[in-house]
1. Kindly check whether there is at least one residue in region 150-166 that is under 25 Å from His307 (Cβ atoms), buried (at least 17 other Cβ atoms within 10 Å of the Cβ), under 23 Å from the mean Cα position of the chain (by Cα) and not small (Gly, Ala, Ser).
2. Looking for whichever is open to solvent by 30 Å² or more (accessible area, probe 1.4 Å), of a type outside the set (Asp, Glu) and either at pLDDT below 90 or within 28 Å of the chain's Cα centre (by Cα) (or both) here; the options are Pro261, Pro245, Pro273, Pro253. Which one fits?
3. Which one of the conditions (1) open to solvent by 40 Å² or more (accessible area, probe 1.4 Å); (2) modelled with pLDDT under 95 does Tyr318 fail to meet, given that it meets all the rest?
4. Looking at Thr330, Thr355, which one is part of a strand (DSSP E or B), touching a strand residue (DSSP E or B) at 6+ places or on another chain (Cβ under 7 Å) and open to solvent by 30 Å² or more (accessible area, probe 1.4 Å)?
5. Hey, among Phe442, Phe398, which residue is under 31 Å from the mean Cα position of the chain (by Cα) and closer than 17 Å to Ile364 by Cα?
6. Which of (1) buried (at least 23 other Cβ atoms within 10 Å of the Cβ); (2) in a strand (DSSP E or B) does Tyr282 not meet, given it meets every other one?
7. Confirm whether Pro607 is assigned to a loop (DSSP other than H, G, I, E, B), out of contact with any Lys or Arg (no Cβ under 8 Å at 6 or more places or on another chain), closer than 20 Å to Phe354 by Cβ and open to solvent by 30 Å² or more (accessible area, probe 1.4 Å).
8. Take Ile240 and decide whether it is under 29 Å from the mean Cα position of the chain (by Cα), under 14 Å from Asp168 (Cα atoms) and either open to solvent by less than 50 Å² (accessible area, probe 1.4 Å) or not basic (Lys, Arg) (or both).
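The values are calculated or read from the model by the stated rules, or taken from the named source; none is laboratory data. This one's a predicted model, so the numbers in the text were calculated from it and none came from an experiment. Neighbour counts run over all protein chains shown; Cβ positions are idealised from the backbone, glycine included. With ligands, DNA and RNA removed, areas are computed over all heavy atoms of the protein, side chains included. Shrake-Rupley method; radii C 1.70, N 1.55, O 1.52, S 1.80 Å.
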Amino acid sequence: MYVKGHDMSRMFPYVFSALVLSVALSACSGSRQMTPQTGGIMLDMPQSVSPGSIAPAPMAHTAILPASVMAVKPQSTIQGQNWTQIAGGASYAAASPDGSLWALSTAPAGPDKYIWHYVNGTWTNIYGLASRLSVSPGGNLYAINSGGGAWSYSNGTGWTALGGGCSDITVASDGSIYVLSNGNSAGSDQAIWHNVSGTWSQVPGAGVRIAASWDSNSYTLSNGTVSGNGLYVLNSIGSIYYKNPNNSFVQLPGSASAIAPATFGGVFVLGYPANANGNSIYYFNLSTPGWTAQSGAGVGISTDSAHLYAIGSSGGIYFSPLVSTNGTITEYPIPTGNAGPWGIAAGPDGNLWFTEYGYGANKIGKITPSGTITEYPLPTDSVYPYGIAAGPDGNLWFTEGGFYGDKIGKITPGGTITEYVIPTDTAYPYGIAAGPDGNLWFTEEEGNKIGKITPGGTITEYVIPTNSALPDRIAAGPDGNLWFTEYGGNKIGKITTSGTFTEYVIPGNAGPRGITAGPDGNLWFTEYNSTGNKIGKITPSGTLTTYVIPTSYAYPFGIASGPDGNLWFTEPGNGANKIGKITTGGTITEYATPTSLSGPAGIAAGPDGNLWFTEYNANKVGKITP
């Protein structure tokens, strides 16, 4: 990883907002290199008192300040070209998984500062003063004041006390809370306490700074294994430790004064010791262990899934997008505004073809592997094209499910379009795939049928046994049958080329959407609902296995088999906006899209060995290297 410079209700369960967020840096005079440091073994447990038994220092009842207070831009010397400054002055920042930013301002004088929330370019002040902040996966705010009081914040009820004697706080991926609290003299290593559902317990280790990792993957270092969802600990001499969930520790080489875990594959730090003029930013890659210097510098850093934030010595706030070196993403803007790119498929001409579902677009797009886009308007207005697939006849076939749709379309590589009317009125065709019988097969979301169309345009329909099944995507299986998802029926369906159905119930309220044949001879599918949030696998005989996605509320949507032998899928959730990869053994890796809240939807393997995907909200087509 490195720092690099119409109605959606039936597609996503919420509306994505275009939100750009930020952070701040400064010059790095006096910064130190990442020199290994020994000592400070973390296995001790200082004698300590539960924070729950210590009266918390009261939360101040400050007057609500106007947004104009943050209408400043303190200037810092920025290193590198990929940092963007936003208005506001801050002494500390805590990124939220919903893409917003919490910050402590530079006022008033003293260790405790006003608390601000930055959403859609607007700052909002809440009452209270704090010296440290942390945000949960669900977006809840936690704070510590200089008196050691630990507090949680709710918009409806305000602040709730959690305990006292605390000097740092971080929220784990499961929503539980870690704090540093008492056990040694102020300024030295403090005991680590864990709060799960209101119950405090002390865990091994001690430090001066902590930061929970939301990366669920495991990595092997020369001195041990870094398991998913652990805790980074900095001690008083700058040593960097990772506490695994089983309470074992792994020491990282080097030293740091501040730490910000990335959501996949590594951790950002500031050099040691702390420097009021700013320290250099470094990144430790857990996949290929080692440090690299990054552009920029600062006195504080924070990350979400897509951005690195930094605070400069003068209080300036900047951000820079994160890109993984293990999955480099390139994005190409679509010429038509609000095109709403949706389905995507590799064509027989060596290009990628995609549908433009957005209101007023009504086109089929073509993009070359080098990124040149051509668009073809559809003959019928307001048909809202969805799915698209290459046919056995050398053409691209697509579904038209809009107000004047209920058709199957065909476009030649030269751009000639033909449309075929579906017999069922308001069929709302959606997914489409080439079958093993030389025909195209498609789903009828409202018609509750599976359709078949010959290359000559003859359509046959088959009624799905389950009522209101809401069939979604469809794919040819390795067994010679067609497999499809039933979003409403919560099932995986199979239909033979002669029209015989078999259905397999998925446990829970999974909401299956995308489906594809995998390289292992099984079918792989996405479980879109928040109660699902998994990638599923079904064997041709009907045995189901599911794998939980590390990012909560990812809303996995499209899925495709990659040239690297893995399955690749899209995560359009507001707290995700990632492209995911899952091995046939079930190991998941996620890569954030450079554009915040991009809304990745369809995905397909390209002829160039990359995975190509559509970004509905960003109005772009993306490419990721496997």
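1. First, pick out the residues of region 150-166 that are under 25 Å from His307 (Cβ atoms): 152-153, 155.
Checking the rest, the ones that are also buried (at least 17 other Cβ atoms within 10 Å of the Cβ) come to 152-153.
Adding the requirement that they be under 23 Å from the mean Cα position of the chain (by Cα) leaves none.
No.
2. Values: Pro261 fails: open to solvent by 30 Å² or more (accessible area, probe 1.4 Å); Pro273 fails: either at pLDDT below 90 or within 28 Å of the chain's Cα centre (by Cα) (or both); Pro253 fails: either at pLDDT below 90 or within 28 Å of the chain's Cα centre (by Cα) (or both).
Exactly one of Pro261, Pro245, Pro273, Pro253 is open to solvent by 30 Å² or more (accessible area, probe 1.4 Å), of a type outside the set (Asp, Glu) and either at pLDDT below 90 or within 28 Å of the chain's Cα centre (by Cα) (or both), namely Pro245.
3. Unmet for Tyr318, out of (1) open to solvent by 40 Å² or more (accessible area, probe 1.4 Å); (2) modelled with pLDDT under 95: (1).
4. Details: Thr355 fails: open to solvent by 30 Å² or more (accessible area, probe 1.4 Å).
Sole residue among the options that is part of a strand (DSSP E or B), touching a strand residue (DSSP E or B) at 6+ places or on another chain (Cβ under 7 Å) and open to solvent by 30 Å² or more (accessible area, probe 1.4 Å): Thr330.
5. Numbers: Phe442 fails: closer than 17 Å to Ile364 by Cα.
Testing whether each residue is under 31 Å from the mean Cα position of the chain (by Cα) and closer than 17 Å to Ile364 by Cα leaves just Phe398.
6. Of the numbered conditions (1) buried (at least 23 other Cβ atoms within 10 Å of the Cβ); (2) in a strand (DSSP E or B), the odd one out for Tyr282 is (1).
7. Working: assigned to a loop (DSSP other than H, G, I, E, B): yes; out of contact with any Lys or Arg (no Cβ under 8 Å at 6 or more places or on another chain): yes; closer than 20 Å to Phe354 by Cβ: yes; open to solvent by 30 Å² or more (accessible area, probe 1.4 Å): yes.
Against the criterion (assigned to a loop (DSSP other than H, G, I, E, B), out of contact with any Lys or Arg (no Cβ under 8 Å at 6 or more places or on another chain), closer than 20 Å to Phe354 by Cβ and open to solvent by 30 Å² or more (accessible area, probe 1.4 Å)), Pro607 qualifies.
8. Details: under 29 Å from the mean Cα position of the chain (by Cα): yes; under 14 Å from Asp168 (Cα atoms): no; either open to solvent by less than 50 Å² (accessible area, probe 1.4 Å) or not basic (Lys, Arg) (or both): yes.
Taking the combined requirement at face value, the residue does not satisfy it.
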